[in-house]
Amino acid sequence: MADTPADAGFDAGIISRLARTRFMTRAVMVVERAWPLVLPILLVIGLFLSLSWFGLFRVVPEWLRLGLAGLFGLAAVGAILPLRAFRIPLEAEIDRRIESANRLQHTPLLVQTDRPGGNPDGFADALWREHQRRMAARLAGVSADAPRPNIPERDPWAVRAAVALVFVVALAFTASPYSGSVTDAFRPASMRETIPPRIDAWVTPPAYTGRAPVLLTAGSEASGGDTRTGHIKIPENSQLALRVTGGNGKETLDLIDAKGDARAVAAEKAEGGEKAERSDASGAPAAKISRFAVTLTKSGAVSLESDGDELRRWTFEIIPDHPPVIHFTADPRSAVNGALELFYSIDDDYGPASAKAVFEPAQKPAPGAHPLYPAPDMPLALPRRDAKNHAARTTKDLTDHPWAGTMVRLTLKTSDDAGHEASSETKLVKLPERPFANPLARALVEQRRILALDANQKRRVLDMMDAITLRPEDTFTSMGHYLAIMSARTRLRMAGTDDQLRDVAAYLWTIALGIEEGNLSAAEKRLRQAEQALQQALKNGASDQEIEKLMKELRQATQDYLREFAERLRKNPKLARQMPQNGREVRPGDLQRMLDQIENLAKSGSRDKAQELLSQLQNMMNNLQAGTGGQGGQQQGEMRQQMDTLGELLQRQQELMNKTFRFQQGQQGRRGEGEMGQNQDPFGQQGQEGQQGQEGMQPGEQDGSGGLTEDELAQALKQLQQGQGKLRGDLGDLTKKLDQLGIKPGKGFGDADKSMGKAGQSLGEGQGEQALGEQSEALEALRRGARDMMQKMQQAQQGEEGGTRPGGRQQNADRDPLGRPRATTGPDFGDSVKVPDEIDVQRARRILEAIRKRLGNALSPEIERSYLERLLQLK
């Protein structure tokens, strides 16, 4: 028999399909024969790997480990031996499998390759070919069947499934640091690797930097090799914390600087003096824990090693923390009430921690001097982090300190949280002192200062007090003051300790305040205490309830202070007249709104802005003071006198112009006696009537009735020329006095002088109309000069008082410190008050209605609604 079909006309498609079926059937038969032989080997390998990964060979005794390893070896040999029975399927076996799988009868595959025996016979051959064709027709749809290894019959207990499940669980356990290794079964315990440790490392920047911690690891295990990262930028003085769990306890941490020098970091000790360890449920020691902590101050690297092998390395770049810088932004100066104002700037990387002003005596004390009081303590307010140029201001009333009035060296010092310190330049200043107009109070304060600066001057102070009380009937207006001073003298004479001497000094100050201002000082003291208490509460982050309580106390103290201040002004009008024209205007409504804003900001969490607004309120109250005379008051009185003189010049020039106008009309035969008395004066008010407008006229000129002849007009104009010349001379005297007061006359006075000269010349020539125009020019020039003079006087007053304080606003001279209208002390130039007319009122009402309507629209953006609400709050 042959291996190929006998008929060359056999269908090629059937042959190709039959070849594929034979290939697939061969593969199926190989699997059926090999799988039962390979499965035992796979089960032995899977079970061995599972037990190795579970770490069984690490925990069992050595003899058991060897026994299990030998057992698995024998099992592997036993599983491999049956492989000798495996044989490749033959072609005939493949054909029989195809015929059996497709249920083909009469062996159609064998017929295709078989030939009839015996002698060749044509008829027999033809019959055989026909038989092959019929059998080939049955092979058109043959296919290979699935393998049938019959595993359930060989493993009725499904051990294979249990081994597969254990293998999957063990494979997942390999991700644990406590999993075993395949080589554990063949290595003794002394040669096994340590459990790969878990490393947790993080860097915590200093709290004052406001930066978040940096996590260096995410709980991953070390692989034993180099695990390097890039440069990590961290602030100076950051804290590196590192914890190694499950190591061998021999880990070391080294700090490596930029030069390569290494410094070992000692591990933290547990309470018992040994490294911390964890124990499992049985109480046996389990994973060891090593902790390291170090402060990073220089750039470099950190290396974690174990038994000479580097586990991890990190490279750090330190961001240096520079020392702060503090300097004055303006010279120290005194507020109107005597409080010391310091303007300065503090610049630091992360903001300063504290700042203070340091005072030292400008002159060395006498040998053996024994001062009773240290230098004043003046903490400085710190600038906000978003403040422009890091500028800040601190105001503190030091007038009650015994050092007040002495020359000191003032230096500003600051420090940051890193411990860096800085100092400003040193300035020589005189500490502000409280001015005392009463000579008795001034003498007591002076003796208090002498005693406080040197207790050895006790005898001298006693002698001075004896001199003061020598003739009480001539010295004291109140016997209460005399008795108080005698009481202080007795206390001083009996004082033997520093505390007793300090009590006497404080008592002398109280007596001086009582003599000078009575109860006003107590009201001012309560106000200062309320301001300081609220300032401290805002700084310390007090609760809303405490803030509300302190705000209530501040409101009450403010009302008491203003009431006492107003009462003092009412009883002593001279003080009100001596107040500066550009003084601070404080209205009750302004104070109430400012106090409400402070409370709202504090409750909403904006404590920094609340402190800034409180500082502005304190500055406003500092400037709310009445002058007490002195050189400044004398000079201001002279200025006001010159202002009155200027007002008289304006009025006289207006009268001369009115007379010139009447004479000119009289010459033309016009009568206007009822109208001429109502001309507007230089103050923008209605002029005097009738006789006031006709003072200085000749008997025949008083009513202006009837026409004037040319001779009469020329004579009248010459008389006016004399008045115009005298007025011009008075203007020259005024400019000289202003120049003596340090106020340079402006261009307006020069123009007025020229116009007056021309007007006098025109009057002498009988040119009434031309003189009238020149007099009008002179009047307008006088008004310009008056306005210029007022501005220069205000600037001069500001220079004497230290200038306008930041955040302040000027008030008109016709209001008192509480914002109430009062009579002006100088001339009114006609532009002081703008009274709104009905049109302005209606326009304002329409604007308010439009704002309320827009605010009631629910679709308006939040930012627009907030803006409109603020507009309504301004009304």
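Scanning region 354-389 for residues that are modelled with pLDDT under 90, more than 30 Å from I450 (Cβ to Cβ), open to solvent by 30 Å² or more (accessible area, probe 1.4 Å) and in contact with a Pro (Cβ under 9 Å, 6 or more places away or on another chain) yields L382, N389. With respect to the conditions (1) surrounded by 15 or more Cβ atoms within 10 Å (Cβ to Cβ); (2) within 16 Å of G419 (Cβ to Cβ), T295 falls short on a single one, namely (1).
Take the residues of region 8-42 that are modelled with pLDDT under 70 and open to solvent by less than 50 Å² (accessible area, probe 1.4 Å): which is nearest to P156 (Cα to Cα)? Looking at the filtered set, the residue picked out is I14. Hey, does region 491-500 have a residue that's under 27 Å from A441 (Cβ atoms), touching a Ser or Thr at 6+ places or on another chain (Cβ under 9 Å) and surrounded by 20 or more Cβ atoms within 10 Å (Cβ to Cβ)? Looking for residues that are under 27 Å from A441 (Cβ atoms), touching a Ser or Thr at 6+ places or on another chain (Cβ under 9 Å) and surrounded by 20 or more Cβ atoms within 10 Å (Cβ to Cβ), one finds none in region 491-500, hence no. Taken over region 319-343, residues that are farther than 30 Å from F359 by Cβ and either in contact with a Leu (Cβ under 6 Å, 6 or more places away or on another chain) or not β-branched (V, I, T) (or both) amount to 1. Taking the numbered list (1) crowded, with 17+ Cβ neighbours inside 10 Å; (2) of a type in the set (K, R); (3) without any contact (Cβ under 8 Å) to a residue 40 or more places away in the chain in turn, K525 passes all entries but (1). Residues that are hydroxyl-bearing (S, T, Y), modelled with pLDDT of 90 or more and more than 30 Å from D200 (Cβ to Cβ) are absent from region 334-342 altogether. Residues of region 460-485 that are basic (K, R) and either within 55 Å of the chain's Cα centre (by Cα) or closer than 13 Å to I515 by Cα (or both): R460 alone.
Of all the numbered requirements in (1) closer than 17 Å to L591 by Cα; (2) touching a helix residue (DSSP H, G or I) at 6+ places or on another chain (Cβ under 6 Å); (3) without any contact (Cβ under 8 Å) to a residue 24 or more places away in the chain, K552 misses one, and that requirement is (2).
N438 falls short on exactly one of the conditions (1) out of contact with any helix residue (DSSP H, G or I) (no Cβ under 6 Å at 6 or more places or on another chain); (2) surrounded by fewer than 19 Cβ atoms within 10 Å (Cβ to Cβ), and that condition is (1).
Restricting to region 518-569, name every residue that is within 19 Å of D400 (Cα to Cα) and of a type in the set (S, T, N, Q). If the condition is that a residue be within 19 Å of D400 (Cα to Cα) and of a type in the set (S, T, N, Q), then N519, S521, Q529, Q532 are the ones that fit. When restricted to residues that are open to solvent by 40 Å² or more (accessible area, probe 1.4 Å) and closer than 30 Å to E446 by Cα, region 421-433 contains 5.
Pairs needed: first member in region 761-777, over 19 Å from F749 (Cα atoms); second member anywhere, open to solvent by 60 Å² or more (accessible area, probe 1.4 Å); C-beta distance under 6 Å; at least 6 residues apart or different chains. What qualifies is S762/Q770; L763/Q721; G764/Q721. Check E341 against each of (1) open to solvent by 20 Å² or more (accessible area, probe 1.4 Å); (2) within 24 Å of Q616 (Cα to Cα); (3) among the acidic types (D, E) and name the one condition it does not meet. Of the numbered conditions (1) open to solvent by 20 Å² or more (accessible area, probe 1.4 Å); (2) within 24 Å of Q616 (Cα to Cα); (3) among the acidic types (D, E), the odd one out for E341 is (1).
Every residue, every condition in (1) touching a residue at least 40 places away in the same chain (Cβ under 8 Å); (2) under 30 Å from T475 (Cβ atoms); (3) open to solvent by 50 Å² or more (accessible area, probe 1.4 Å); (4) outside any strand (DSSP E or B), yes or no:
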{"residue": "T399", "(1), (2), (3), (4)": "yes, yes, no, yes"}
{"residue": "P402", "(1), (2), (3), (4)": "yes, yes, no, yes"}
{"residue": "L410", "(1), (2), (3), (4)": "yes, no, no, no"}
{"residue": "G419", "(1), (2), (3), (4)": "no, no, yes, yes"}
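When each of Q578, Q559 is tested for being of a type in the set (S, T, N, Q) and either out of contact with any Gly (no Cβ under 7 Å at 6 or more places or on another chain) or modelled with pLDDT of 75 or more (or both), the lone residue that passes is Q559.
For region 146-191, the candidate set comprises residues that are in a helix (DSSP H, G or I) and among the acidic types (D, E); within that set, the residue that is surrounded by the most Cβ atoms within 10 Å (Cβ to Cβ) is D184.
Cβ separations smaller than 6 Å between residues 6+ apart or across chains give the following pairs from region 716-745 residues that are farther than 20 Å from R662 by Cβ and open to solvent by 30 Å² or more (accessible area, probe 1.4 Å) to residues that are hydroxyl-bearing (S, T, Y) and assigned to a helix (DSSP H, G or I): P745/T735.
The values are calculated or read from the model by the stated rules, or taken from the named source; none is laboratory data. Quick caveat: nothing in here was measured; it's all calculated off a predicted structure. Every residue, glycine as well, gets a Cβ built from its backbone with ideal geometry; the counts of neighbours run over all protein chains shown. Surface accessibility is based on the protein's heavy atoms, side chains included, excluding ligands, DNA and RNA. Shrake-Rupley method; radii C 1.70, N 1.55, O 1.52, S 1.80 Å.
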